[in-house]
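The values are calculated or read from the model by the stated rules, or taken from the named source; none is laboratory data. Note that the structure is a prediction, hence the values are computed from the model and not measured. Using ideal geometry, Cβ is built from the backbone for each residue, glycine included, and neighbour counts are taken over all protein chains shown.
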Amino acid sequence: MKKKNPPLIDKDKALRNMLSTDKFGEYFGVSQEILDKVWKDLTSPDRNSTTYISMEIGADIDVFNPVRRRLLSIDTTDSTDSKLDYFTKRFLYGPEKIPNYSGGLGVLAGDTLKSFADCKIPVAAISLLYKKGYFSQLVDSKIGQIVWSPEWHPEITPSLYLLKDPKNPGKPLEIAVPFFDRKDRKIMTYAKLWLKMEINDNLDFFVPQILLDYSTESSPDWIQEAAEHLYDSTSEKIKAIQRRLLGAGIIPAMNILGITSKTIHLNEQHGVVVVLHLIAEQLHKKYGDDYQLQSSNKDITDAAGEVAKQIVYTIHTPVKAGHDRFTKSVYKELGHSFCQRVLLLLAEDKDFPESYNFTSLAMTVNRATNSVSRLHKEVTKKQFSQFADKITAITNGVHHLTWISDAKAELYDGFAELDDWRQDPSAFTNAQLLLDNKKFITYFEGAMAKDNETLIKYVNEMLVRHRNQMQETWIDPPNFLSHLDEIESSLKPGVFTIGFARRFSTYKRADLIFEDIDALAEIICKDSTAVNFIFAGKAHPSDEPGKYLIKMILDCQKELFTKTNGLAKLVFIPGYDMQIAKMMVAGVHAWLNSPKRPLEASGTSGMKAAMNGIPNISIMDGWWEEGYQNGKTGWKFGYESALDETALSESQDSLFYEEDSISFYKLFPKILQAFYDDNHRHKYINKCVMNLVLNATKFNTHRMTAEYVSRYNLNLPPATEKILKKFRGLHKSDK
């Protein structure tokens, strides 16, 4: 029988249907109908939308790019229409990195927006655009981490558009944001507005990211410099300026675009300055231009109560460094004296009376506060006992379409039991029906092997590249293996591979399992079981202890290799980003998480591994308290401490290195046996599949955003509300 040819596609017609315009510019990826519908909802007089605020948003298009996928599916690389040809080439060949994120918080924000788009929730996001982004990382074996500024060009980056001024299309759209000196003299700053479209997989909805770019010549030099780098902490003043650039820019950005959201969701407290502006608006309505003189303290607190009805707040960490405090003297140089009066009333810091506490401000002025896991809820209630009654839990999730590898996606597509997994992650529950399906298990192991081969190939090529660079640069290769010959140093596919990748901070204890290398080597050598340890991650440039941890990992490499006679190979991958993360969470055989309990509020990298059927080896902290599932999805180790002052301490002498490393060494032989011993291999594979059944269904951002939407008070179509209700039923975070 002859195969039927696929129907011919009018490619230019398909491309034209991806082109849309409005008074602010021209866009590619969604139809005119979709563009109009999204903006109609966001600018509606009934205020039936939410504005989501985040200091960072991680959504690199090299890990999830529905527009590029559509272009490839219609097999087009160019067009005779010059405009269509321009956009086609831009999306197929343009730069794919947007270095506007540092790690977990930003990537979570990006995943959240993608699920809002998938579920067609009317949301706009506001963040900053950093012309020099977050730092790029080089690593030298003798020096450790080396920081350098990336070069990136938003003007040629696919899905990013500089908005135009409708009154003067030759100029960019700008907002004005006032700062004040010590004498309350106004200093005007200006920001251009960029739009990034977070488009869903079907190209029939998007969430607009509005990125404020203060690198305008009309802004003072010190403002432009403060806005260049994400999380620039060169000084307390620069840090305070950055937070104000975000928070004070929110209302002007919403106003100029006509966004009418009745709810503002603060993803962490970085943008909390917005509440000061909303309070001022309330008082201006009551007293007019003279409100600063006429308003009493009671007026201010009453106005704060009204503003609180508009604010939803998510707190992400119990760690002190994650909570912004600014000395009163610094804020005198940035904000109006009336702003300081409001801060005195609402941002009190009992521990540091000379500072304003922005977490306290965010905790005070909101209608709903949530932590990011059940355990984190209990920790947050202890840390902020005065707000305990309003603190609930919404456990984090990840965007499954972003983090599932191509090999695993092909596997899931091939089994009817998992039908519709792309739209509905609850479909993974049916993986339980495949536990005894020999064909599925065989194909699953094949997909796992393919992902592992991809990762190992990347690592081996990196080791060779670093070896060659020894002759060309002053940088000493970060990996001991690069100093060996290629045959001796190469990692082998199929060898049990443990992955660890996240921000390097002391409480995350990246070096925990290397606390006693002799003990670790003895376990590995006992049955000659080869193990690859693949690590990656950045330390904040000003975090000296974090940078020291990276150096510690590098310094362990030779000793571990030597004491195991080459059975154990420890590799550090520099330049960690979303693309490397996606390759690692799918390509390892187990994902390691070793924080000091209970300082990891949630963690999400282990959830990404679970989406690929990869078990976790973890301390019982953050999301793993909920994801461990009585050992069905991985392994636990470590001291399960009570939530007392010692547990919450971040001091080096209270990090429980000895206790928790010993616990790991007791567990590790069982893990190796489950992977390598044919008589026990089924235990390992069962854990892999049960990750799909129990964790992929629960720890996804579709479920998470459904829980958030229940707090937004939106009037949604019945069909949308029905699917959100289903997602909310997958996991009860606030149990």
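Worth a mention:
- Qualifying helices (runs of 4 or more DSSP H) (wholly inside region 639-696; at least 1 residues being under 30 Å from GLU417 (Cα atoms)): 657-676, 681-690
- Residue within region 719-732 that is closer than 17 Å to MET607 by Cα and free of Cβ contacts under 8 Å to residues at least 60 places away in the same chain present: yes
- The conditions of being loosely packed, with under 15 Cβ neighbours inside 10 Å and either in the same structural domain as TYR130 (by TED's automatic domain parsing) or part of a helix (DSSP H, G or I) (or both) are not met by LYS196.
- Residue satisfying all of: in region 322-335; in a helix (DSSP H, G or I) and free of Cβ contacts under 8 Å to residues at least 60 places away in the same chain; nearest to GLY106 (Cα to Cα) among these: GLY322
- If you go through region 618-657 and keep only what is surrounded by fewer than 24 Cβ atoms within 10 Å (Cβ to Cβ), of a type in the set (A, V, I, L, M) and touching a strand residue (DSSP E or B) at 6+ places or on another chain (Cβ under 7 Å), you end up with just MET620.
- Breaking point among (1) without any contact (Cβ under 8 Å) to a residue 40 or more places away in the chain; (2) buried (at least 18 other Cβ atoms within 10 Å of the Cβ); (3) over 25 Å from GLY566 (Cα atoms), for SER482: (3)
Results for (1) closer than 13 Å to ALA304 by Cα; (2) crowded, with 24+ Cβ neighbours inside 10 Å; (3) out of contact with any strand residue (DSSP E or B) (no Cβ under 9 Å at 6 or more places or on another chain), shown as yes or no for each residue.
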site: PHE338; (1), (2), (3): no, no, yes
site: LYS350; (1), (2), (3): no, no, no
site: PRO353; (1), (2), (3): no, no, yes
site: ARG367; (1), (2), (3): yes, no, no
site: LEU375; (1), (2), (3): no, yes, no
site: LYS381; (1), (2), (3): no, no, no
site: PHE384; (1), (2), (3): no, no, no
site: PHE387; (1), (2), (3): no, no, no
site: LYS390; (1), (2), (3): no, no, no
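- Residue identified as part of a helix (DSSP H, G or I), without any contact (Cβ under 8 Å) to a residue 24 or more places away in the chain and either closer than 30 Å to ASP290 by Cβ or among the charged types (D, E, K, R) (or both) among LYS381, LYS350: LYS381
- Filter result for TYR190 (surrounded by 14 or more Cβ atoms within 10 Å (Cβ to Cβ), free of Cβ contacts under 8 Å to residues at least 40 places away in the same chain and part of a strand (DSSP E or B)): yes
- Unmet criterion (only one of (1) within 20 Å of ILE156 (Cβ to Cβ); (2) among the hydrophobic types (A, V, I, L, M, F, W, C); (3) buried (at least 18 other Cβ atoms within 10 Å of the Cβ)) for LEU92: (3)
- Subset of region 354-375 that is closer than 21 Å to ARG244 by Cα and in a loop (DSSP other than H, G, I, E, B) - its residue that is farthest from the chain's Cα centre (by Cα): GLU354
- With respect to the conditions (1) within 20 Å of LEU105 (Cα to Cα); (2) crowded, with 21+ Cβ neighbours inside 10 Å, ILE259 lacks only one, and its number is (1).
- Put simply, of ARG711, ARG681 the only residue that is of a type in the set (D, E, K, R) and at pLDDT 95 or above is ARG681.
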